[in-house]
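**Student:** What follows is a structure written as structure tokens; I'll ask about it next.
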Amino acid sequence: MIGLIPTTWSNNLVVPPLAFGMAMLNLAFDKIEGLGYNNVFSTGNLKKAVTGWYAYFLEGDRQGLTAAVNYTGLVSAFILGALLSAVLQRVWGTTTIWGASVLLTIVSGLYVFLLYRRSQYTKSPFYRSGQDDGHLD
């Protein structure tokens, strides 16, 4: 909806619905591979990435490597998304937000499809509960 609001409107009218949407997004998606993360802002993810790299390199913790790679990917995606958005705003203006909406719709659709496929796989008579080969992770 933010993409439909004219740029002449006050930010006081734009920020509340945007904050509400971000709060809902934050509540809906809070884990990746069992690790908690924040998808609305990235400072906590950066802290967890650095902590993971520290645990891996200085303490030899293999779980630290998993966390470090995941959080570094999240922070990198956040940075690339912000840079891409800044570049596209020069071309498309405030309608750039629609690109993010389309991308999120595609990713959400793919996620629903993968959840459906996993549910079909686990219903298979050949599925061995508790002995997953890991190919769905």
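**Student:** What's the number of the only condition in (1) within 15 Å of Tyr37 (Cβ to Cβ); (2) within 15 Å of the chain's Cα centre (by Cα) that Gly52 fails to meet?
**Tutor:** Status for Gly52: all satisfied but (2).
**Student:** Quick check on my filter: what residues within region 109-137 are part of a helix (DSSP H, G or I), more than 30 Å from Gly3 (Cβ to Cβ) and either at pLDDT below 70 or hydroxyl-bearing (Ser, Thr, Tyr) (or both)?
**Tutor:** Ser119, Tyr121, Thr122
So that you can scan it fast, the table gives a plain yes or no per residue for (1) of a type in the set (D, E, K, R); (2) over 26 Å from Val107 (Cα atoms); (3) part of a loop (DSSP other than H, G, I, E, B):
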| residue | (1), (2), (3) |
| --- | --- |
| Phe20 | no, no, no |
| Met24 | no, no, no |
| Phe41 | no, no, yes |
| Lys48 | yes, no, no |
| Phe57 | no, yes, no |
| Leu83 | no, no, no |
| Val87 | no, no, no |
| Arg90 | yes, no, no |
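**Student:** Within region 46-67, is even one residue in contact with a strand residue (DSSP E or B) (Cβ under 7 Å, 6 or more places away or on another chain) and modelled with pLDDT under 85?
**Tutor:** Scanning region 46-67, I find no residue that is in contact with a strand residue (DSSP E or B) (Cβ under 7 Å, 6 or more places away or on another chain) and modelled with pLDDT under 85, so the answer is no.
**Student:** Now for a different question. Give the number of residues within region 3-45 that are aliphatic (A, V, I, L, M) and open to solvent by 90 Å² or more (accessible area, probe 1.4 Å).
**Tutor:** Adding up the residues that qualify gives 4.
**Student:** Can you say whether Leu35 is at pLDDT 90 or above, under 22 Å from the mean Cα position of the chain (by Cα) and among the hydrophobic types (A, V, I, L, M, F, W, C), as far as the supplied structure shows?
**Tutor:** It is false that Leu35 is at pLDDT 90 or above, under 22 Å from the mean Cα position of the chain (by Cα) and among the hydrophobic types (A, V, I, L, M, F, W, C).
**Student:** Okay, next question. From the residues in region 63-108 that are under 19 Å from the mean Cα position of the chain (by Cα), more than 24 Å from Ile5 (Cβ to Cβ) and of a type outside the set (A, V, I, L, M, F, W, C), which one is least open to solvent (accessible area, probe 1.4 Å)?
**Tutor:** It comes out as Tyr71.
The values are calculated or read from the model by the stated rules, or taken from the named source; none is laboratory data. Only a predicted model underlies this, so the values are computations on that prediction, with no experimental measurement involved. With ideal geometry, Cβ positions are generated from the backbone for all residues, glycine too; neighbour counts draw on all protein chains shown. Areas reflect the complete protein model, heavy atoms only, side chains present, ligands, DNA and RNA absent. Shrake-Rupley method; radii C 1.70, N 1.55, O 1.52, S 1.80 Å.
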